[in-house]
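Contents: one structure, followed by commentary.
The values are calculated or read from the model by the stated rules, or taken from the named source; none is laboratory data. Everything numeric here is computed off the predicted structure, so don't read it as measured data. Cβ: placed from backbone, ideal geometry, glycine included. Neighbour counts: every protein chain shown. The protein model used for the area step is the full one, side chains on, heavy atoms only, and it has no ligands, DNA or RNA in it. Shrake-Rupley method; radii C 1.70, N 1.55, O 1.52, S 1.80 Å.
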Amino acid sequence: MNTPVCCEDKLGDWSFNSQETGRGRGDEGRIEDGFAGGELREACGVFGCVLARDALEDSVSVAQVIYLGLVALQHRGQESAGIVTSEGRDSNRLNCSKGVGLVASIFTDDKLAKLKGNAGIGHSRYSTAGGRDISNIQPFVVHTRHGPLATAHNGELINAVDLRKTVLDRGVGLSTQSDSELITQMLSQMPPRGEKTGPDWGARIRHLMEATPTAYSLVLLHGEKVYGIRDPFGNRPLCIGRLMPVEDIGGNQGSPKPLGWVLSSESCAFQSVGATLLREVYPGEIVELSPEGVRSLDIVPRPKAARPISLAHEDPNHSNHAELLQAPPPAFCIFEYVYFARPDSVFEGQQVYSVRRRCGRQLAMEAPVEADIISTVPESATPAAIGFSQQSGIPYVEVLCKNRYVGRSFIQPDTRSRQLAVAKKFGALSENLMGQRVVLVDDSIVRGTTVGPIIRLLRQAGAREVHIRVASPPLHYPCYMGINIPTRGELLANKKPPHELASFVGANSLEYLSIDGLVKAVREGVVTKNNTPTGHCTACLDGNYPVHLEW
């Protein structure tokens, strides 16, 4: 008899320094790291692939496609990764390999060769929920009455405490503190109306989505099919691509026959695997990838608002005020544009790079400054700095050189090491700085633990003035939807009044992009299909969460 799951783990030494915060949730908390900088951290990257019926495994490997996709999504999670593949419709076995570390260090050629199959899913992880325990490495696999099911998840369930209690009350045991295992166990249960002719995964998924409105993008593997799910608010990204023969990449999507289909958190992964972007998964949509193609199974509507939602940043041309109160708009995380996504990814019909450049132009209009050069904190803020330069007419000049090979250090052993943490990560280009008035554009400031040392580094290298311009609004509120944003008391914008922040970090001036300016820059290039409504979550900026939260 075949065993349902075959997993091979790379489980090495694993130690860290953490402090769980949040809403008093025993099952999940925000992990506050001791690393220098206190950067925002995304939750995860998910990827899925199904080969076409007549695609030959010797010409394209599902495991190799998923591996390359995860490498392209490495920026979304660097702590662990896993791949699970299926060898067909009636297979009672899933092939699985997981490990701690970067994708390229986990999956050797030998491991990938063992991941046979025509369908599979993968996951790269950063732990906002469940901690860094090795048991939390995804994808999760359970054996259901219809065979093994694998799940990979990006996001964080806002009502996980209640859902966890419901599952435990049904007598189902949970082996981890992860939302993703909770999702997997809920999906393995019979849907409320039962199943008459075999598994009804559309009904099971819909039941899950009706039980929790946000925030998640999911890829599921069962048999020879992969399912993609995006929560009704569309808070986390997910897109569909066509896996093409190399000679047909970039050609007419309607004529060449695809080798298969892929799902990814970001479209940036498609070029790496030889795929073309088909479209994004709509908010609330359930899509099925099978050897026959892509099929939309259902679209689960957003729940009606339990209380009036903020309309401050909604489309001013939308005249039906009552409709907005009853059916809140989508709430795509606006920080995907600001920080998380790779600049070559496409969301809502526009490339992330273009949005960041528009943010820089808008920032230059809102917070002009007399200076000699514009520069950036490499690398995600570079498009915004270029936009600031283009709008202001002040030349863009590099002043910081980033060491790409500095690993994350969770515990700095002594005071001097902590003081030198920024100098270890960045080098100053003194010849470009000597006697100059510098505008340093950053994409965001979280705790403010990095910006002060960087300013000192620039002054030591000869800068006459250092002005900070931030291409996003100040962060005032935590995120409960999958982004590692610290508690309110740790956020720099809550520590000092705006007029005191510059002197607090040692700058000559410090200004942020306004919320309205950010929303304008994002929505200027949005291209929607079939009159699909758009909307963006700005909760970490203004406290207007897309759904009511019980505190």
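Quick one: which of Gly506, Gly535 is out of contact with any helix residue (DSSP H, G or I) (no Cβ under 8 Å at 6 or more places or on another chain) and among the small types (Gly, Ala, Ser)?
Working: Gly506 fails: out of contact with any helix residue (DSSP H, G or I) (no Cβ under 8 Å at 6 or more places or on another chain).
Unique residue meeting the criteria: Gly535.
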Does Glu195 qualify as being open to solvent by 30 Å² or more (accessible area, probe 1.4 Å), out of contact with any Lys or Arg (no Cβ under 7 Å at 6 or more places or on another chain) and at pLDDT 80 or above?
yes
Restricting attention to segment 397-419, report how many residues are open to solvent by 80 Å² or more (accessible area, probe 1.4 Å) and either at pLDDT 70 or above or closer than 18 Å to Thr376 by Cβ (or both).
3
Give just the number: which of (1) in contact with a Lys or Arg (Cβ under 8 Å, 6 or more places away or on another chain); (2) basic (Lys, Arg); (3) farther than 17 Å from Gly122 by Cβ does Arg236 not satisfy?
(3)
Considering only segment 72-105, how many residues are open to solvent by less than 10 Å² (accessible area, probe 1.4 Å), at pLDDT below 95 and over 27 Å from His143 (Cβ atoms)?
1
Being over 22 Å from the mean Cα position of the chain (by Cα) and among the small types (Gly, Ala, Ser) narrows Gly117, Gly101, Gly77, Gly48 down to just Gly117
What are the residues in segment 351-382 that are more than 23 Å from Leu457 (Cα to Cα) and either open to solvent by 50 Å² or more (accessible area, probe 1.4 Å) or assigned to a loop (DSSP other than H, G, I, E, B) (or both), if any?
Gln351, Tyr353, Arg357, Arg361, Met365, Glu366, Ala367, Pro368
Please go through (1) assigned to a helix (DSSP H, G or I); (2) charged (D, E, K, R); (3) surrounded by 17 or more Cβ atoms within 10 Å (Cβ to Cβ) for Glu210 and return the number of the only condition it doesn't satisfy.
(3)
For residues that are of a type outside the set (Gly, Ala, Ser) and open to solvent by less than 30 Å² (accessible area, probe 1.4 Å), tally how many sit in segment 106-117.
4
Quick check, is Gln64 open to solvent by 10 Å² or more (accessible area, probe 1.4 Å), modelled with pLDDT under 95 and not in a strand (DSSP E or B)?
no
Determine, yes or no, whether Thr450 is over 20 Å from Ser392 (Cα atoms), surrounded by 19 or more Cβ atoms within 10 Å (Cβ to Cβ) and polar (S, T, N, Q).
yes
Can you find even one residue in segment 225-247 that is in a helix (DSSP H, G or I) and of a type outside the set (Phe, Trp, Tyr)?
yes
So if I check each of Thr197, Thr276, which one is on the phi < 0 side of the Ramachandran plot and assigned to a loop (DSSP other than H, G, I, E, B)?
Thr197
